[in-house]
Amino acid sequence: MTMKKWLAAAAFSAAMTGAAYAQQTIKIGVSGPYTGGSASMGVSMRDGVKLATQEINKAGGVLGKQIQLIERDDEAKNELGVQIAQELINKEQVVATVGFINTGVSLASQRFYQEAEIPVMNNVATGTLVTQQFKAPENKSNYVFRNAANDTIQSSMIAEAVKKNGYTKVAIIADSTNYGQLGRADLEKALAERGLKPVAIEKFNIGDTDMTAQALRAKDAGADVVLTYAIGPELAQTVNAVVKLGWKVPVMGSWTLSMASFIDAAGANGEGVMMPQTFIQLPSTPKRKSFIDAYQAAYKVDRIPSPVSAAQGYDSMYLLAAAINQAKSTDGRKVREALENLTTKVEGVVTTYDKPFSATDHEAITANIPVLGIVKGGRVVPANPADLEGAGALRVKPKS
Amino acid sequence: MQNFFQILVSGISVGMIYGVIAFGYQLTFATSKTLNFGQGEALTLGALVGLTCVNFLIGLHLGTLAAYLIALPFVFAFGLAQGAVVERLGVRQAMKTKSEAGWIMATIALGIIFKNMAENIWGKDPLKFPSPLSENPLTIAGVNIRPMEIAIVLGALAMMLAVEAFNRRSIYGKAVVATSNDRDAAGLMGINTPLVITFSYALSSLAAALAGVLIAPITLTGANMGAALGLKAFAVAIIGGLSSGLGVVVGGLILGITESMTGFYFDTGYKDVPGLILLLLVLSLKPAGLFGKTAIKKV
């Protein structure tokens with residue numbers, strides 16, 4: 001054979017194996033921050049997704065093929081998330097993507113999935129706008145789904161707890177990101193519905209190390225409860241400032257108060273802080289027990305860095321796999337339709353998903369599912385133990 | 001009034017951190033007219049090395065305070081070595097080529113390399129630094145202060161006074177001062193100016209490493225901790241004036257106090273604005289900085 005023929009043969013066989021390989025796997029993107037201040041959520045989410053994928057693959061995969069995860073670190077940066085979305089869609093040609101921890105990254109990146117008609121499953125980002133960005137009737141169909149408790153649900157839970165405990169003077173301390181400010185707006189709305197108007201609304205930037213001014217303003221305004229909307233490291237600085245002022249005030253806030261970076265950094269100052277949780281690391285159902293055991297064995301940890309992210313990440317993969325199986329295709333449009341009309345019950349860690357989505361409702365988690373958690377002894381436990389016992393342990397989305 | 005002092009105290013402790021990092025910028029600028037744009041990363045590395053040492057010593061059943069004090073010399077030694085590496089690997093090579101901006105890219109590049117190294121060695125999550133002093137606040141005249149905040153101010157002052165004393169009293173310090181005043185003349189007088197410059201880089205990283213271990217117990221320790229602080233300190237160095245050691249300390253205090261005061265008396269959302277306006281004003285009205293000497297450059 002001449003050189004030319006050799007080369008042609010080599011190229012042909014390479015192309016063949018490439019094509020064969022592509023047919024054997026189903027590529028799914030996993031996008032989240034594995035570095036930086038949101039890393040504990042991103043890494044836990046990814047590990048939950050990986051755990052579910054291994055189980056699904058071991059059981060034969062979907063449509064007779066193995067799932068191949070394409071992981072990308074968006075560093076919680078909007079611009080990087082946008083790049084990754086385009087890379088996953090155009091270069092990797094993923095069937096779907098799960099992930100997004102940060103609301104800002106999600107809002108910036110998911111429009112590419114929408115345009116490419118590829119479903120995206122938000123498993124952590126909680127901004128209320130996330131599933132509303134491409135809602136009908138402005139858009140023919142919406143490719144954005146979510147299995148996390150959105151900010152509307154969380155803020156009304158927080159506001160309800162405020163009211164139930166008889167607090168009347170509320171201070172809100174939130175960070176200046178999309179997450180903090182959208183959440184702050186939701187919180188104000190939820191408080192207004194209950195006839196409460198915050199006496200102080202304060203702000204700080206990511207990376208700030210001293211929140212004395214914010215805490216002091218809240219204290220000066222006579223607040224009897226502090227509500228937060230931010231992430232781990234800055235939340236720790238906030239409670240540290242509150243304690244430094246010698247100010248005895250209850251602190252409540254969004255689910256991020258369960259992040260390891262908050263609990264570890266705040267130490268004793270973080271004890272007693274309350275937040276909504278879709279999942280608490282307790283073996284309250286057999287499914288939860290096997291998930292926790294598997295996670296601990298696979299990643300050699302006792303405490304999951306962010307249990308909520310891990311559980312929702314795990315569930316997101318099962319929901320997606322069920323939809324692909326039902327669609328009998330990896331075509332984005334068919335997978336979306338299958339998600340909107342899921343006929344099989346999916347037993348997840350957070351809840352059992354029975355028709356979790358419809359054409360107009362892309363939220364799998366409803367207001368009745370999350371429970372209030374409280375930091376005790378460096379771990380999140382249920383604020384009301386009855387929430388995770390007996391028949392109350394599994395809360396499911398009500399039939400519409 | 002009590003609130004005013006409470007805010008003042010927190011402004012001073014934040015400002016002192018800015019000041020001590022900016023002091024590092026000033027040290028190298030004085031001798032070589034170059035800066036280490038990886039100061040923030042030098043701080044990060046100092047804090048992380050400190051964390052490893054402290055945890056190791058606590059593992060040997062030492063008290064946290066004893067562990068902290070024993071770890072300090074190791075952190076200083078590491079800071080010195082790290083600064084010398086930056087100068088030898090980055091700045092000196094770039095200066096040889098007579099490029100105006102090469103050293104800028106070289107120090108930024110080394111900073112990124114150090115940050116990535118830190119991410120790989122210590123992980124990407126923020127870590128808790130065991131506090132050597134009690135975390136319970138002290139109440140002095142109605143103002144609550146965490147003991148570590150006092151330690152920051154005292155530690156930073158002690159370091160800067162030590163450097164000043166070294167420069168004034170010792171023969172080696174005089175070589176540094178001579179190099180700062182006129183590098184060529186100092187070289188002609190037999191001073192090994194390249195060595196002096198390496199030394200000033202080493203000292204500047206030491207200052208950053210000290211700042212790192214001072215603030216680590218009250219902030220979190222992690223690969224990203226230095227980025228924002230390094231940038232703020234750079235603004236401080238411009239405000240105070242890069243040619244004056246005292247100037248950068250005062251600049252740091254000005255920025256720290258303005259930030260806290262604006263946050264409290266105006267709006268916490270606009271906390272960073274006055275500092276930056278001040279920076280722009282200084283640049284347009286007194287480019288050498290508030291305490292800087294105007295240099296005459298003959299062309």
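Our helix-only sum for the protein assembly as shown, with -39,500 (n - 2.57) per DSSP H run of n ≥ 4 divided by its residues, gives a mean residue ellipticity at 222 nm of -18000 deg cm²/dmol. Partner lysines whose Cα lies under 20 Å from the Cα of B:K98, excluding those fewer than 8 positions away in the same chain, are identified as B:K33, B:K297, B:K298. Relative to the longest principal axis of the Cα atoms of chain A, helix A:286-299 runs at roughly 80 degrees.
Comparing B:L246, A:A266, A:A221 along the charge dipole axis of the protein assembly as shown, the residue lying farthest to the positive side is B:L246, per the Cβ-charge model. Within the listed set B:A185, B:A67, B:A118, the residue fluctuating most in the Gaussian network model of chain B (springs between alpha-carbon atoms under 10 angstrom) is B:A185.
Placing a pseudo-label 7 Å from each Cα along the Cα-to-Cβ vector at A:K328 and B:S284 gives an inter-label distance of 7.1 nm.
Looking at the protein assembly as shown, the accessible area is 42 square angstrom per residue; that uses a 1.4 Å probe and ignores ligands, DNA and RNA. Accessible surface buried at the B:A interface totals approximately 2400 Å², computed with a 1.4 Å probe on protein heavy atoms. Overall, chain B carries a charge dipole of about 840 debye about its Cα centre when +1 sits on the Cβ of Lys and Arg and -1 on the Cβ of Asp and Glu, all other atoms neutral.
Pairs from the table (A:K248/A:K376; A:K203/B:K271; A:K164/A:K399; A:K219/A:K244; B:K271/B:K293) lying more than 19 angstrom apart at Cα are A:K164/A:K399; B:K271/B:K293.
The mean number of partner chain beta-carbon atoms within 10 angstrom of a residue's beta-carbon across peptide A:173-179 is 1.
In chain A, what percent of the accessible surface is made up of carbon and sulfur (1.4 Å probe, ligands and nucleic acids excluded)? That share works out to 55 percent.
With the Cα gyration tensor of chain B giving a ≥ b ≥ c as the square roots of its eigenvalues, does the rule (a/c under 1.5 for rounded; else a/b larger than b/c for prolate; else oblate) give rounded, prolate or oblate? Oblate.
Computed over chain A with a Gaussian network model linking Cα atoms closer than 10 Å, the most mobile of A:K197, A:K163, A:K140 is A:K140. Helices assigned as whole DSSP H runs in chain B whose Cα atoms extend at least 20 Å along their own long axis and whose mean Kyte-Doolittle hydropathy is 0.0 or higher are found at B:2-32, B:39-59, B:64-85, B:102-122, B:147-169, B:193-215, B:225-240, B:245-261. Hey, for a label at B:V273 modelled as a point 7 Å past Cα toward Cβ, could you say which residues of the range A:158-193 have their backbone N under 16 Å away? What the label zone holds, given the 16 Å backbone N cut-off, is A:176. Spin-label pair A:D224-A:K140: with each label point 7 Å from Cα along the Cα-Cβ axis, the two points sit 5.6 nm from one another.
Other residues within the sphere of radius under 13 Å centred on the Cβ of A:E193, judged by their own Cβ, net out at +1 (K and R +1, D and E -1). Shape of the range A:143-226 from the C-alpha gyration tensor: oblate (a/c of 1.5 or more and a/b not above b/c, with a ≥ b ≥ c the square roots of its eigenvalues). Can you find, among A:L88, A:N147, A:G183, the residue sitting farthest towards the positive end of the charge dipole of the range A:87-197, where Lys and Arg contribute +1 and Asp and Glu -1 at Cβ? The Cα lying farthest towards the positive end belongs to A:G183. Comparing the full protein assembly with the isolated chain (1.4 Å probe, heavy atoms, ligands and nucleic acids excluded), the residues of the range B:244-270 losing at least 50 square angstrom of accessible area are B:F264, B:T268.
Once both labels are positioned 7 Å from their Cα atoms along Cα-to-Cβ, the gap between B:D184 and A:A298 label points is 6.7 nm. Candidate cross-link partners of A:K140 among the lysines, defined by an alpha-carbon separation under 18 Å and a same-chain spacing of 8 or more, comprise A:K334.
If the elastic network links every pair of Cα atoms under 10 Å, which of A:E55, A:E337, A:E271 fluctuates the most in the Gaussian network model of chain A? Ranking A:E55, A:E337, A:E271 by mean-square fluctuation puts A:E55 first.
Ignoring the sites themselves, what is the longest stretch of chain B with no trypsin sites (Lys or Arg not before Pro) in a DSSP loop and at most 16 other beta-carbon atoms within 10 Å?
For trypsin sites (Lys or Arg not before Pro) (loop position, at most 16 other Cβ atoms within 10 Å), the longest site-free span of chain B is B:99-292.
All other residues whose Cβ lies under 14 angstrom from that of A:A322 are scored, Lys and Arg at +1 and Asp and Glu at -1, for a net of -1. Going by the alpha-carbon gyration tensor, a ≥ b ≥ c the square roots of its eigenvalues, is the range A:183-280 rounded (a/c under 1.5) or, if a/c is not under 1.5, prolate (a/b greater than b/c) versus oblate? Oblate, since a/c reaches 1.5 and b/c is not below a/b.
Relative to the Cα centre, the charge distribution of the protein assembly as shown, modelled as +1 at Lys and Arg Cβ and -1 at Asp and Glu Cβ, gives a dipole magnitude of about 880 debye. Placing +1 on the Cβ of every Lys and Arg and -1 on the Cβ of every Asp and Glu, with no other charges, gives the range B:168-299 a dipole of roughly 480 debye about its Cα centre. If one takes the longest principal axis of the Cα atoms in chain A, at what angle in degrees, from 0 to 90 and to the nearest 10, does the Cα axis of helix A:103-116 lie? Relative to chain A, helix A:103-116 is tipped by roughly 30 degrees. On a per residue basis, the convex hull of the C-alpha atoms belonging to the protein assembly as shown measures out at 213 Å³.
Past 26 Å, Cα to Cα, is the threshold; run A:K163/A:K345; A:K50/A:K345; A:K77/A:K397 against it and keep the listed order. Beyond 26 Å: A:K163/A:K345; A:K77/A:K397. For a Förster distance of 51 Å, can you work out the FRET efficiency between the beta-carbons of B:S99 and B:L154, rounded to the nearest 0.05? E between B:S99 and B:L154, to the nearest 0.05, is 0.80.
Taking the C-alpha atoms only, the angle from helix A:307-327 to the longest principal axis of chain A is near 40 degrees.
The values are calculated or read from the model by the stated rules, or taken from the named source; none is laboratory data. Note that the coordinates shown come from a computational prediction; the quantities given were computed from them, not determined experimentally. Here the Cβ is made from the backbone with ideal geometry for all residues, glycine too, and neighbour counts use every protein chain on show. Just so you know, the surface numbers come from the protein's heavy atoms only, side chains and all, with ligands and any DNA or RNA stripped out. Shrake-Rupley method; radii C 1.70, N 1.55, O 1.52, S 1.80 Å.
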